[in-house]
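Quick notes on the structure that follows.
Rule-based calculations on the coordinates, nothing more; no lab input. Owing to the predicted nature of the structure, the values given are computational and were not obtained by experimental measurement. Positions of Cβ are generated from backbone atoms using ideal geometry, with glycine treated the same way; all protein chains shown enter the neighbour counts.
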Ligand code: KIV
Ligand code: ZN
């Protein structure tokens with residue numbers, strides 16, 4: 001049997017059914033393009049008969065996307081299939097996904113019908129869809145609670161009618177993994193023409209078993225999995241794409257692979273979460289904020305010795321490049337040193353001990369310590385020599401006054417002074433720096449934050465400046481936020497100096 005597992009993404013159909021997660025067509029196109037870069041095989045782009053918006057989205061996604069198959073959902077109803085076919089007319093590869101309920105609940109209490117009539121309708125829908133497209137997928141809704149013998153009859157009949165893919169949804173998320181795996185196995189053993197189609201899983205997470213059920217399906221022969229990014233979807237959601245992909249990748253003994261470019265997983269997850277206003281729970285496998293975060297000293301030490309001591313996946317594989325070592329009051333010197341190292345700060349043992357003591361005091365006050373906090377800690381200890389230093393700063397500001405700043409810079413031992421006015425005191429001070437410094441820089445980002453809560457608190461300033469198409473980050477901290485801002489600006493400017501060794505001062 002083929003060891004390729006096809007990824008059918010239904011974020012834009014089942015995922016988008018979640019209340020409050022609706023996207024407009026432009027956003028759907030953006031998502032579809034990102035899914036294409038991720039490497040999904042099929043994008044279920046919508047349920048075209050359900051609304052003009054869904055119809056338009058399928059049309060536009062079909063135009064915008066090249067490689068993945070574009071799939072449109074229908075009921076086993078001719079009008080639905082006509083509209084789906086129309087919506088797919090620009091798709092390079094189009095698929096109609098039609099189907100009907102096969103469980104006693106659906107046959108009797110939803111459709112008010114009987115098993116023979118449902119079987120006929122299933123076959124008729126597939127044959128009708130085949131008039132438009134070669135690629136027809138059939139779903140047996142609520143297959144999870146359907147009788148296996150009856151399900152096998154339906155599957156055999158729809159494959160005979162031309163279905164290229166048969167989808168076995170656990171619509172209500174009820175099955176146990178062993179039960180779902182058995183169901184797929186039963187189909188392989190009891191449907192004579194099963195090898196003429198691809199068997200697909202479509203699991204919901206009502207009992208938290210969607211991923212386990214999907215994997216059970218794959219282990220028993222299914223070769224397409226229907227999934228969503230971040231596991232979003234009706235009620236408790238669908239199977240999450242990132243979980244299935246990383247399970248298959250981690251368990252090499254299964255010898256199954258997908259076409260997913262795993263390095264795009266994290267950014268795709270972030271995009272979906274922000275466009276759909278659906279935060280990802282911090283402990284969500286693979287993409288949650290804490291999925292790779294180590295906070296206890298013992299774990300941190302173990303990870304720093306060998307990542308695999310506590311990690312089964314390298315976060316870089318899913319596109320997470322940040323350190324997984326979180327600094328908290330439980331962190332040891334090894335973790336602190338690791339972070340300082342990443343910031344380019346090298347300390348000898350004695351200095352590291354001193355900074356560690358300050359770090360513990362701060363960590364008792366703050367839940368988690370960020371890089372800027374560390375820079376404050378090492379900065380307060382006078383670590384890190386700068387070529388351009390602030391020597392003096394005086395600012396005059398107030399209501400109905402034009403803010404004026406006079407400052408003196410020490411550039412490699414020489415002193416330069418300038419006075420400028422500005423829209424505010426920070427603007428005046430930055431203009432005074434620019435009056436002395438030669439380089440053409442543009443301020444891109446300016447962020448002020450307090451470390452703690454009191455009015456006597458230290459203000460932290462982050463600046464991002466652009467110089468000749470390169471971005472330089474600067475950081476400053478002081479109880480006076482204007483001084484902190486100038487320090488942040490100079491920090492960035494010093495980094496430019498470090499990178500190109502050009503002259504710092506204006507020539508005139
Ligand atoms: O959960 C389900 O059964 C579905 C079908 C429409 C495929 O979403
Ligand atoms: Zn579903």
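Some observations on this one:
- Cα gyration tensor, the range 319-371 - rounded (a/c under 1.5), prolate or oblate: oblate
- Largest-first principal axis extents of the Cα set of the range 6-275 (Å): 45, 44, 32
- Structure-based [θ]222 nm, the chain - -39500 (n - 2.57) summed over DSSP H runs of at least 4, per residue, nearest 500: -11500 deg cm²/dmol
- The label-point distance for residue 274 and residue 353, in a model that sets each label 7 Å from Cα toward Cβ, rounds to 4.5 nm.
- Where labels lie 7 Å past Cα in the beta-carbon direction, separation of residue 77 and residue 193 in nm: 2.7
- A simple packing score, the average count of other Cβ atoms within 10 Å per residue, orders the peptides 109-122, 313-326, 69-82 as 69-82, 313-326, 109-122, with the highest score first.
- Span per principal axis, largest first, for the Cα atoms of the chain (Å): 92, 48, 40
- Debye equation applied to the C-alpha atoms of the range 104-163, log10 I(q)/I(0) at 0.16, 0.30 Å⁻¹: -0.48, -1.29
- The tail of the calculated P(r) for the range 293-381, taken as Cα-Cα distances beyond 21 Å, holds 28 percent of the pairs.
- Note on the range 160-303: Rg/Rh from C-alpha atoms, Kirkwood Rh, equals 1.03.
- Packing here is the average count of other Cβ atoms within 10 Å per residue, and on that basis the peptides 437-448, 419-430, highest first, run 419-430, 437-448.
- Contact order for the chain, expressed relative to its length and based on alpha carbon pairs under 8 Å spaced 6+ residues apart, stands at 9 percent.
- Gyration tensor over the Cα atoms of the range 388-500: the corresponding equivalent ellipsoid has semi-axes (square roots of 5 times the eigenvalues, largest first) of 21, 18, 13 Å.
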